[in-house]
Every structure is written in structure tokens, then in C-alpha cells.
Amino acid sequence: MRTFFVTGGAGFIGAAFVHLILREFSDVRVINFDALTYAGNLDNLSGLDSDRHTFVRGDIRDPMAVKESMPMDVDAVVNFAAESHVDRSIESAHDFVTTNVVGTQVLLDAARGTRARKFCHISTDEVMGSLSDGSEEVFTEDSPFAPNSPYAASKAAAEHLVRAAHHTFGLHTLITRCGNNYGPRQFPEKLIPLAITNALQDREVPVYGDGRNVRDWIYVHDHCRAVLQVIERAPAGETYNIGARNEQRNIEVVESILKALNKPSSLIKFVTDRPGHDRRYSIDPGKIEKLGWLPRAGWSEGLEKTIDWYIKNPQWLARVRTGEYLDYYERQYGERASQK
Ligand SMILES: NC(=O)c1ccc[n+]([C@@H]2O[C@H](COP(=O)([O-])OP(=O)(O)OC[C@H]3O[C@@H](n4cnc5c(N)ncnc54)[C@H](O)[C@@H]3O)[C@@H](O)[C@H]2O)c1
């Protein structure tokens, strides 16, 4: 039996990854280590094979907690745990630095101490900054670091620590840098689930600035399959950009969602732009494609599946909206996480 130590596995992408590996491999067990912040949701883990899935509530900033939970010789540590919302990092960068930077170093130290075979760090295209609109520029693995938000800066710092752990200590590290994910179970503070869930209730859909910012969108399951491919096949020390060659302007994304839901475009409300808002991301996925990975979900299909999931899972949304999903903190741990 192989053991994967997954952090942040109660969040949007981490949970999708945990579902994927337990479904695809009968010889894998997962230790899912997550602090259950407002973004962690145990509802995301329902339906998993409980014999091969162990959930541990723990904080990656806590070296003792990590050390106690990470067994010797795990096959892979996969680090999804992070503060992930740019707007929140603009309000306060504190948790972004402690979790994304310090927490990553704590995990690297633990992985060395327990002789983990591989350490895969989930990063973001945002570490490479912003590309000019209308240009042919793309992000490659060699693009310089130019993070523009506190979130992106914290993710860039974490990448440097991962790189250093490989170079200095020979840890078998891997880094993946993905574009914007969409799919089921994404917390409705991010653009696509916010637009879907607001439109479903005939609420206004806020769009930053002129709405013409470009993001390179990928269906979450395709991202997770790419991470798995990197863990299985990539040489130590390598970095891979992951994208589905799918650039869309924010306003186009929102218009597509409203069209699919048969809602009027009058629901769109342009709001004051985010400070320092990156204009355009575009990923060259040539390197990961050479590893034998290709995305499976086309944009229309992926968006349709995503919309369908939110329509068919009103309880998930209701529990998030009311904060009921946080009740387990009180029941299990005698404290309540805050959504704010
Ligand atoms: N969402 C995207 O579009 C996107 C794109 C590229 C890269 N990423 C990266 O992928 C990873 C996962 O993103 P996501 O969208 O699923 O994020 P998310 O915010 O939905 O989930 C983050 C998870 O990490 C947990 N967590 C936070 N702080 C923790 C701590 N100190 N200790 C342990 N667990 C903690 C949370 O409880 C939550 O379950 C992040 O590293 C993010 O930077 C995300």
C-alpha cells in the first residue's frame, strides 16, 4: 500500500485530488492533513473510502502536529494547503505569509526528517506576474518571478524554499504552477462559483474593473490528473506549468454563465477594480504535455458540469452560505472558524 500525505485536502482542489487518487488507485491510502479554515469543508470529503482515508485536523505551521501525523517513508507529500484568495491577502497578508511560506518550510523539514520519497508543491501561475493584454506572451517554466499580490508573493517565496530543499538537501521535490481552476465544490468567493450561485438566486454578479482581465482556465479534475502525472513521472527538482490553453476574459466567463442559466446580463455589476489587479495570464503547457498529460474537459463541457453540480447540490451551498458547514468546529474541537 502506498501512502500519500496530502495537505489542504478539505479545500477545493485538494479534495478533488483526494477523491481522484482514492478512485484511481486501490493501493493508495491518504492522510489528509488540513487545518479546516473557512476554506476547508468536510462536506467536500463525503463519499470517500473511509478505510483508506484518514482525516487529521492540523496546521502546517505547527511542526509538532506535522511531525506526529507524517509517518516515516511516505510515498508523497502533496502540499495544497494555503491561503488562496487574492482579495483576502490584500486585506491582510499575515496568514498568507505564515501558512504559505512558514507552513511550507515546516512541511519540507518534516519531509526530510521522515524520509518522504517525494514532495510535490502546488504553486500558481500568479508567481510570474501579469502579461500584457493582446500580446502573444506566455508563461513558461523559465519566466521570471514577478508576483504582484501578497498572495502571489507568498507563493513565490514558498517555491524558493522548495527549490532550496532540493538543491541543498537532495529532497525529491516537484513544483506545479497551475492557472485558474473551476469545478465542483469551489468556495463561492471565487469568480465562477460566485457568478453561478448569485445568478441562481437572481442576485447581482460583481465584476472587477472593465471585466476584460484574462485568465487561463482549467477544469479542476484536469489539474489534479496533471499533479498525479508529475508525481508519477517527473524527475526530481522539476517545475511544470499546467494549463488547458483556455484564455477567457472575466466578462466572457460571466456572460457564458448567465447565458447557460438563462439569466439576464443586467445582473452584471461592474465594481471598483482590485488594487494591483493582474491583467492577463497565459500558460504554455508544452512541458507537462511532453510528460503525456492533456486536459480532457473542454471549456463549455467543464463549465456545464460545474453549473450542473451547483444546481444539483443546493445543500452544500446552503451549508456554506449559512456557515453551518463550520458547526463541526464547535462539535469536534470546541471552537468555531470564521468565514471572515
Ligand atoms: N484555486 C485556483 O484556481 C488555484 C490555481 C493555482 C494554484 N492554486 C493553489 O492550489 C492550492 C489549493 O487551492 P484551493 O483553491 O483548493 O484552495 P482553498 O482555499 O479552497 O483550500 C485551501 C485548503 O487549505 C487548508 N489550509 C489553509 N491553511 C492551512 C494551514 N495553515 N494548515 C493546514 N491546512 C490549511 C484550508 O482549510 C483548505 O482546506 C493552493 O496552494 C493554491 O495556491 C489554486
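Here, each number is a calculation from the coordinates, and none is a lab measurement. Everything numeric in this text was worked out from a predicted model, so none of it was measured. For neighbour counting, all protein chains shown are included, and Cβ atoms are generated from backbone atoms with ideal geometry for every residue, glycine included.
Once the convex hull of the alpha carbons of the range 223-340 is built, what does its volume come to per residue, in cubic angstrom?
206
Of the cross-linked pairs Lys263/Lys312; Lys259/Lys312; Lys67/Lys287, which ones have a Cα-Cα span greater than 24 Å in the structure shown?
Lys67/Lys287
Just add up the charged neighbours of Ile288: K/R +1, D/E -1, any other residue whose Cβ is under 15 Å from the Cβ of Ile288.
Summing Lys/Arg as +1 and Asp/Glu as -1 gives -2.
For the chain, what is the convex hull volume of the alpha-carbon atoms per residue, in Å³?
With only Cα atoms used, the chain gives 128 Å³ per residue.
Can you give the FRET efficiency to the nearest 0.05 for Arg319 and Asp202, using r as the Cβ-Cβ distance and R₀ = 25 Å?
Plugging the Cβ-Cβ distance into 1/(1 + (r/R0)^6) gives 0.75.
Along the Cα-to-C-beta direction of Asn262, a point sits 7 Å from the Cα; which residues of the range 283-318 have their amide N less than 12 Å from that point?
Those under the cut-off are none; the list is empty.
Pop the C-beta distance of Arg245 and Thr272 into the FRET formula with R0 = 25 Å and round what comes out to the nearest 0.05.
For Arg245 and Thr272, the calculated efficiency is 0.20.
Restrict the search to the range 127-193; then list the chymotrypsin sites (Phe, Trp or Tyr not before Pro) that DSSP places in a loop and that have at most 15 other Cβ atoms within 10 Å of their Cβ.
For chymotrypsin sites (Phe, Trp or Tyr not before Pro) across the range 127-193 that sit outside H, G, I, E and B with at most 15 neighbouring Cβ atoms in 10 Å, the list reads Phe145.
Under the rule of at least 5 residues apart or a separate chain, name every residue whose amide H is placed under 5 Å from the amide H of Val28.
Counting only residues 5 or more places away or on other chains, the set is Arg2.
Return an integer: the convex hull volume of the alpha-carbon atoms of the range 1-157, in Å³ per residue.
Given the Cα convex hull of the range 1-157, per-residue volume reads 131 Å³.
Is any residue of the range 1-20 close enough, with backbone N under 14 Å, to a label point placed 7 angstrom from the Cα of Asp49 along the Cα-Cβ axis, and if so, which?
Counting backbone N atoms under 14 Å from the label point, the list is 1-4, 18-20.
Report the label-to-label distance for Asp87 and Arg233 in nanometres (one decimal), using points 7 Å from each Cα along the Cα→Cβ vector.
Spacing of the two 7 Å Cα→Cβ label points: 3.8 nm.
Which residues make up the longest stretch of the chain clear of GluC sites (Glu not before Pro) that lie in a DSSP loop with no more than 11 other Cβ atoms within 10 Å, not counting the sites?
137-334
May I ask you to derive the FRET efficiency for Lys67 and Asp142 from their Cβ-Cβ distance with R0 = 35 Å, giving the value to the nearest 0.05?
In this case the efficiency is close to 0.50.
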